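J.: Below you'll find the structure I mean.
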Amino acid sequence: MRLALFNDHRPGVVLGDELIDVSSIVHPLPAEAGGAWAVWLAAGSGTAALERALLSDALPRHPLDSVRLCAPLPRPGKIIAAPVNYLDHKIEMSEQKTIAEYGVFLKANSSVIGPGDAIELPYSDKRIDQEGELGIVIGTGGRTIPVGDALDHVAGYLGLLDISVRSTEDRSTRKSFDTFTPMGPWIVTADEAGDADDLQLDCWVAGEHRQSVSTAEMIFGVAELVAYASSVMTLHPGDVIASGTPAGVGPLADGDEVRLTIERLGTLVVSVTGQGAIPYGDRPIPSTASIATSTS
(Lines give C-alpha, C1' and ligand atoms only; values in the text may rest on other atoms or scores of the structure.)
Protein backbone atom coordinates (compact mmCIF):
# COMPACT_ATOMS: atom_id res chain seq x y z
CA MET A 1 0.00 0.00 0.00
CA ARG A 2 0.94 3.62 -0.47
CA LEU A 3 0.33 5.51 2.79
CA ALA A 4 -0.01 9.27 2.41
CA LEU A 5 -0.93 12.34 4.41
CA PHE A 6 -2.92 15.01 2.62
CA ASN A 7 -4.43 18.46 3.16
CA ASP A 8 -4.52 18.96 6.98
CA HIS A 9 -2.39 15.85 7.61
CA ARG A 10 -5.32 13.51 7.04
CA PRO A 11 -4.27 9.90 6.38
CA GLY A 12 -5.03 8.45 2.98
CA VAL A 13 -4.19 5.39 0.91
CA VAL A 14 -3.23 5.96 -2.72
CA LEU A 15 -4.67 3.53 -5.24
CA GLY A 16 -3.80 4.38 -8.82
CA ASP A 17 -4.94 7.94 -9.48
CA GLU A 18 -7.20 8.02 -6.42
CA LEU A 19 -6.60 8.83 -2.77
CA ILE A 20 -8.90 7.13 -0.27
CA ASP A 21 -9.48 9.02 2.98
CA VAL A 22 -8.94 6.53 5.82
CA SER A 23 -9.23 9.03 8.68
CA SER A 24 -12.19 7.05 10.04
CA ILE A 25 -9.77 4.17 10.67
CA VAL A 26 -6.43 5.90 11.26
CA HIS A 27 -6.90 8.91 13.51
CA PRO A 28 -5.53 12.19 12.03
CA LEU A 29 -2.85 13.90 14.08
CA PRO A 30 -0.93 17.15 13.58
CA ALA A 31 2.67 17.15 12.40
CA GLU A 32 3.88 18.12 15.87
CA ALA A 33 2.48 14.84 17.23
CA GLY A 34 4.37 12.83 14.64
CA GLY A 35 1.57 12.45 12.14
CA ALA A 36 -1.02 9.71 11.80
CA TRP A 37 1.20 7.04 10.26
CA ALA A 38 3.95 7.35 12.88
CA VAL A 39 1.40 6.79 15.64
CA TRP A 40 -0.25 3.98 13.64
CA LEU A 41 3.11 2.22 13.34
CA ALA A 42 3.85 2.72 17.03
CA ALA A 43 0.51 1.12 17.91
CA GLY A 44 1.53 -1.97 15.96
CA SER A 45 -1.48 -1.62 13.68
CA GLY A 46 -1.38 -4.07 10.82
CA THR A 47 -2.61 -3.48 7.31
CA ALA A 48 -5.42 -6.04 7.43
CA ALA A 49 -8.06 -3.58 8.69
CA LEU A 50 -7.04 -1.05 6.07
CA GLU A 51 -7.14 -3.64 3.31
CA ARG A 52 -10.65 -4.70 4.32
CA ALA A 53 -11.84 -1.10 4.50
CA LEU A 54 -10.49 -0.30 1.06
CA LEU A 55 -12.86 -2.88 -0.41
CA SER A 56 -15.79 -0.73 0.74
CA ASP A 57 -17.25 2.20 -1.18
CA ALA A 58 -18.07 3.97 2.09
CA LEU A 59 -14.72 5.76 2.42
CA PRO A 60 -14.36 9.17 0.75
CA ARG A 61 -12.33 9.10 -2.45
CA HIS A 62 -10.53 11.99 -4.15
CA PRO A 63 -8.66 12.33 -7.42
CA LEU A 64 -4.98 12.29 -6.44
CA ASP A 65 -4.30 15.50 -8.33
CA SER A 66 -7.01 17.32 -6.36
CA VAL A 67 -5.33 17.01 -2.94
CA ARG A 68 -2.18 18.50 -1.46
CA LEU A 69 0.19 15.82 -0.21
CA CYS A 70 2.17 16.38 2.99
CA ALA A 71 5.28 14.62 4.27
CA PRO A 72 4.03 11.13 5.19
CA LEU A 73 6.12 11.20 8.40
CA PRO A 74 6.25 14.90 9.32
CA ARG A 75 8.08 14.30 12.62
CA PRO A 76 9.86 10.95 12.74
CA GLY A 77 11.15 9.97 16.16
CA LYS A 78 14.64 10.19 14.72
CA ILE A 79 16.34 10.33 11.34
CA ILE A 80 19.43 8.13 11.17
CA ALA A 81 21.68 8.81 8.20
CA ALA A 82 24.43 6.91 6.42
CA PRO A 83 27.24 9.28 5.40
CA VAL A 84 29.18 7.44 2.66
CA ASN A 85 27.30 4.38 1.45
CA TYR A 86 28.09 4.31 -2.29
CA LEU A 87 31.63 3.88 -3.60
CA ASP A 88 31.06 6.34 -6.47
CA HIS A 89 30.08 9.05 -3.96
CA LYS A 90 33.17 8.22 -1.89
CA ILE A 91 35.32 8.90 -4.97
CA GLU A 92 33.33 12.01 -5.91
CA MET A 93 33.79 13.60 -2.49
CA SER A 94 37.45 12.47 -2.14
CA GLU A 95 36.49 10.63 1.05
CA GLN A 96 39.01 8.30 2.65
CA LYS A 97 36.39 6.37 4.62
CA THR A 98 32.90 4.90 4.20
CA ILE A 99 29.99 4.18 6.52
CA ALA A 100 32.01 1.22 7.79
CA GLU A 101 34.43 3.68 9.44
CA TYR A 102 32.22 6.74 9.96
CA GLY A 103 29.16 4.98 11.36
CA VAL A 104 25.84 6.80 11.22
CA PHE A 105 24.75 10.27 12.31
CA LEU A 106 21.48 11.95 13.28
CA LYS A 107 19.48 14.64 11.52
CA ALA A 108 16.93 16.83 13.30
CA ASN A 109 13.37 15.62 12.75
CA SER A 110 12.32 19.28 12.46
CA SER A 111 14.10 19.35 9.09
CA VAL A 112 11.32 17.35 7.37
CA ILE A 113 9.16 18.82 4.61
CA GLY A 114 6.90 17.19 2.05
CA PRO A 115 5.97 17.24 -1.63
CA GLY A 116 5.53 20.71 -3.08
CA ASP A 117 7.31 22.40 -0.17
CA ALA A 118 10.46 24.51 -0.54
CA ILE A 119 14.03 23.89 0.55
CA GLU A 120 15.21 27.13 2.17
CA LEU A 121 18.86 27.97 1.54
CA PRO A 122 20.32 29.41 4.77
CA TYR A 123 23.47 30.94 3.25
CA SER A 124 24.02 33.04 0.18
CA ASP A 125 27.72 32.21 -0.23
CA LYS A 126 28.07 28.51 0.66
CA ARG A 127 27.49 25.57 -1.63
CA ILE A 128 24.37 23.63 -0.63
CA ASP A 129 23.85 20.27 -2.35
CA GLN A 130 21.06 17.82 -3.06
CA GLU A 131 21.51 14.18 -2.11
CA GLY A 132 18.83 11.76 -3.35
CA GLU A 133 18.36 8.73 -1.10
CA LEU A 134 16.20 5.72 -0.31
CA GLY A 135 14.46 6.22 3.04
CA ILE A 136 13.78 3.15 5.22
CA VAL A 137 10.79 3.37 7.59
CA ILE A 138 11.01 1.27 10.75
CA GLY A 139 7.92 -0.68 11.73
CA THR A 140 8.74 -3.02 14.61
CA GLY A 141 11.46 -1.44 16.70
CA GLY A 142 14.27 -3.13 18.54
CA ARG A 143 17.89 -3.18 19.65
CA THR A 144 20.75 -5.31 18.30
CA ILE A 145 18.60 -6.71 15.50
CA PRO A 146 20.32 -9.54 13.61
CA VAL A 147 20.89 -8.96 9.90
CA GLY A 148 18.82 -12.04 9.11
CA ASP A 149 15.79 -10.60 10.92
CA ALA A 150 16.25 -6.95 9.95
CA LEU A 151 13.81 -6.79 7.04
CA ASP A 152 11.03 -7.96 9.36
CA HIS A 153 11.50 -4.65 11.20
CA VAL A 154 10.95 -2.52 8.08
CA ALA A 155 7.45 -1.13 7.55
CA GLY A 156 8.18 0.46 4.18
CA TYR A 157 10.19 2.90 2.12
CA LEU A 158 10.01 6.43 0.76
CA GLY A 159 12.00 8.93 -1.27
CA LEU A 160 14.24 11.24 0.76
CA LEU A 161 16.49 14.20 0.01
CA ASP A 162 19.38 14.84 2.38
CA ILE A 163 20.23 18.51 1.81
CA SER A 164 23.76 19.45 2.86
CA VAL A 165 25.73 22.65 3.43
CA ARG A 166 29.39 22.27 2.42
CA SER A 167 31.05 23.95 5.39
CA THR A 168 33.21 23.04 8.38
CA GLU A 169 30.56 22.05 10.93
CA ASP A 170 29.67 18.50 11.93
CA ARG A 171 27.35 16.60 9.58
CA SER A 172 24.44 16.81 12.01
CA THR A 173 24.65 20.62 11.89
CA ARG A 174 25.19 20.96 8.14
CA LYS A 175 22.25 18.67 7.36
CA SER A 176 19.69 19.64 10.02
CA PHE A 177 18.48 23.07 8.92
CA ASP A 178 14.71 23.36 8.73
CA THR A 179 13.51 22.10 5.29
CA PHE A 180 16.66 19.99 4.76
CA THR A 181 14.92 16.59 4.70
CA PRO A 182 12.17 16.43 2.07
CA MET A 183 10.31 13.09 2.24
CA GLY A 184 7.62 11.47 0.15
CA PRO A 185 5.48 11.41 -1.76
CA TRP A 186 4.18 8.58 0.47
CA ILE A 187 5.31 5.46 2.34
CA VAL A 188 5.23 2.34 0.21
CA THR A 189 4.78 -0.71 2.42
CA ALA A 190 7.54 -3.29 2.26
CA ASP A 191 5.36 -5.91 0.60
CA GLU A 192 4.54 -3.58 -2.30
CA ALA A 193 8.04 -2.12 -2.63
CA GLY A 194 9.63 -5.53 -3.13
CA ASP A 195 13.41 -5.85 -3.03
CA ALA A 196 14.61 -2.45 -1.85
CA ASP A 197 18.20 -3.47 -2.55
CA ASP A 198 17.43 -3.37 -6.27
CA LEU A 199 15.56 -0.13 -7.00
CA GLN A 200 16.47 2.45 -9.63
CA LEU A 201 17.03 5.94 -8.18
CA ASP A 202 17.15 9.11 -10.32
CA CYS A 203 17.39 12.75 -9.31
CA TRP A 204 17.05 15.90 -11.41
CA VAL A 205 17.81 19.51 -10.41
CA ALA A 206 16.49 22.29 -12.63
CA GLY A 207 16.05 19.71 -15.39
CA GLU A 208 19.62 18.40 -15.11
CA HIS A 209 19.77 14.63 -14.58
CA ARG A 210 22.35 14.48 -11.79
CA GLN A 211 21.96 11.10 -10.12
CA SER A 212 21.17 7.68 -11.55
CA VAL A 213 21.94 4.45 -9.71
CA SER A 214 20.55 1.15 -8.50
CA THR A 215 20.32 0.71 -4.74
CA ALA A 216 22.15 -2.56 -5.41
CA GLU A 217 25.29 -0.38 -5.40
CA MET A 218 24.96 0.45 -1.69
CA ILE A 219 27.89 -0.64 0.49
CA PHE A 220 25.54 -1.52 3.37
CA GLY A 221 22.21 -2.84 2.07
CA VAL A 222 18.90 -2.31 3.83
CA ALA A 223 19.25 -5.23 6.24
CA GLU A 224 22.83 -4.27 7.15
CA LEU A 225 21.80 -0.65 7.74
CA VAL A 226 18.95 -1.64 10.05
CA ALA A 227 21.11 -4.12 11.95
CA TYR A 228 24.02 -1.70 12.29
CA ALA A 229 21.86 1.25 13.38
CA SER A 230 20.14 -0.94 15.96
CA SER A 231 23.52 -1.97 17.37
CA VAL A 232 24.08 1.69 18.27
CA MET A 233 20.61 2.87 19.31
CA THR A 234 17.20 1.38 19.91
CA LEU A 235 14.99 1.73 16.84
CA HIS A 236 11.37 2.77 17.30
CA PRO A 237 8.36 2.56 14.98
CA GLY A 238 8.34 5.50 12.58
CA ASP A 239 12.09 6.11 12.75
CA VAL A 240 13.64 6.72 9.33
CA ILE A 241 17.03 5.58 8.06
CA ALA A 242 18.45 7.66 5.19
CA SER A 243 20.50 5.09 3.31
CA GLY A 244 23.11 7.36 1.71
CA THR A 245 23.50 9.04 -1.66
CA PRO A 246 25.27 8.05 -4.88
CA ALA A 247 27.51 10.25 -7.01
CA GLY A 248 26.00 13.26 -8.72
CA VAL A 249 25.44 15.65 -5.84
CA GLY A 250 25.59 19.30 -6.82
CA PRO A 251 24.71 22.84 -5.81
CA LEU A 252 21.20 24.18 -5.44
CA ALA A 253 20.14 27.68 -6.42
CA ASP A 254 17.15 29.90 -5.81
CA GLY A 255 14.31 28.87 -8.12
CA ASP A 256 15.48 25.29 -8.76
CA GLU A 257 13.10 22.36 -8.83
CA VAL A 258 14.39 19.08 -7.38
CA ARG A 259 12.79 15.85 -8.59
CA LEU A 260 13.60 12.47 -7.03
CA THR A 261 12.17 9.29 -8.53
CA ILE A 262 12.68 5.86 -7.02
CA GLU A 263 11.38 2.80 -8.81
CA ARG A 264 8.07 1.57 -7.33
CA LEU A 265 8.15 4.35 -4.70
CA GLY A 266 7.02 7.33 -6.78
CA THR A 267 8.34 10.83 -7.42
CA LEU A 268 9.06 13.53 -4.85
CA VAL A 269 9.17 17.12 -6.17
CA VAL A 270 10.21 20.17 -4.14
CA SER A 271 11.37 23.68 -4.96
CA VAL A 272 14.33 25.75 -3.73
CA THR A 273 14.27 29.30 -2.41
CA GLY A 274 17.11 31.63 -1.46
CA GLN A 275 14.82 34.16 0.18
CA GLY A 276 16.21 34.99 3.61
CA ALA A 277 19.67 33.55 2.90
CA ILE A 278 22.52 35.37 4.66
CA PRO A 279 26.32 35.41 4.25
CA TYR A 280 27.95 32.52 6.10
CA GLY A 281 30.04 34.98 8.12
CA ASP A 282 26.87 36.57 9.50
CA ARG A 283 25.60 33.39 11.16
CA PRO A 284 25.01 33.83 14.92
CA ILE A 285 28.19 32.45 16.49
CA PRO A 286 30.50 34.06 19.07
CA SER A 287 33.22 36.24 17.60
CA THR A 288 36.89 35.49 18.18
CA ALA A 289 37.08 38.49 20.51
CA SER A 290 34.17 37.20 22.59
CA ILE A 291 35.79 33.79 22.93
CA ALA A 292 39.10 35.35 24.01
CA THR A 293 37.34 37.49 26.62
CA SER A 294 35.37 34.60 28.07
CA THR A 295 38.50 32.45 28.49
CA SER A 296 40.81 35.15 29.89
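The values are calculated or read from the model by the stated rules, or taken from the named source; none is laboratory data. Fair warning: this is a prediction, and the values are worked out from it, not measured in the lab. Neighbour counts run over all protein chains shown; Cβ positions are idealised from the backbone, glycine included.
J.: Need the failing condition index for residue 56 against (1) surrounded by fewer than 14 Cβ atoms within 10 Å (Cβ to Cβ); (2) in contact with a helix residue (DSSP H, G or I) (Cβ under 7 Å, 6 or more places away or on another chain), just the number.
T.: It is condition (2) that residue 56 fails.
J.: Could we say that residue 113 is touching a Pro at 6+ places or on another chain (Cβ under 6 Å) and in the same structural domain as residue 178 (by TED's automatic domain parsing) here?
T.: yes
J.: Return yes when residue 83 is surrounded by 12 or more Cβ atoms within 10 Å (Cβ to Cβ) and not assigned by TED's automatic domain parsing to the domain that holds residue 242 and no when it is not.
T.: Taking the combined requirement at face value, the residue does not satisfy it.
J.: I want to confirm something. Restricting to region 110-128 and keeping residues that are over 15 Å from the mean Cα position of the chain (by Cα) and under 30 Å from residue 67 (Cα atoms), which single residue is surrounded by the most Cβ atoms within 10 Å (Cβ to Cβ)?
T.: Applying the filter and picking the extreme gives 121.
J.: Please find, among 144, 168, the residue that is hydroxyl-bearing (Ser, Thr, Tyr), exposed (fewer than 14 other Cβ atoms within 10 Å of the Cβ) and on the phi > 0 side of the Ramachandran plot.
T.: Going through 144, 168 in turn, just one is hydroxyl-bearing (Ser, Thr, Tyr), exposed (fewer than 14 other Cβ atoms within 10 Å of the Cβ) and on the phi > 0 side of the Ramachandran plot: 144.
J.: What about residue 124, is it free of Cβ contacts under 8 Å to residues at least 12 places away in the same chain and of a type outside the set (Asp, Glu)?
T.: no
J.: Quick check on my filter: what residues within region 91-109 are part of a helix (DSSP H, G or I) and either crowded, with 19+ Cβ neighbours inside 10 Å or in contact (Cβ under 8 Å) with a residue 60 or more places away in the chain (or both)?
T.: Of everything in region 91-109, those that are part of a helix (DSSP H, G or I) and either crowded, with 19+ Cβ neighbours inside 10 Å or in contact (Cβ under 8 Å) with a residue 60 or more places away in the chain (or both) turn out to be 91, 92, 99, 100, 109.
J.: For residue 244, state whether it is over 18 Å from residue 71 (Cα atoms), assigned to a loop (DSSP other than H, G, I, E, B) and over 17 Å from the mean Cα position of the chain (by Cα).
T.: Considered against the rule, which asks whether it is over 18 Å from residue 71 (Cα atoms), assigned to a loop (DSSP other than H, G, I, E, B) and over 17 Å from the mean Cα position of the chain (by Cα), residue 244 comes out as no.
J.: Looking only at region 26-35, which residues are at pLDDT 90 or above and among the hydrophobic types (A, V, I, L, M, F, W, C)?
T.: Hits for region 26-35 are 26, 29, 31.
J.: Do we find that residue 197 is acidic (Asp, Glu), out of contact with any Lys or Arg (no Cβ under 7 Å at 6 or more places or on another chain) and either surrounded by 13 or more Cβ atoms within 10 Å (Cβ to Cβ) or in a loop (DSSP other than H, G, I, E, B) (or both) in this structure?
T.: When the stated conditions are applied, residue 197 passes them.
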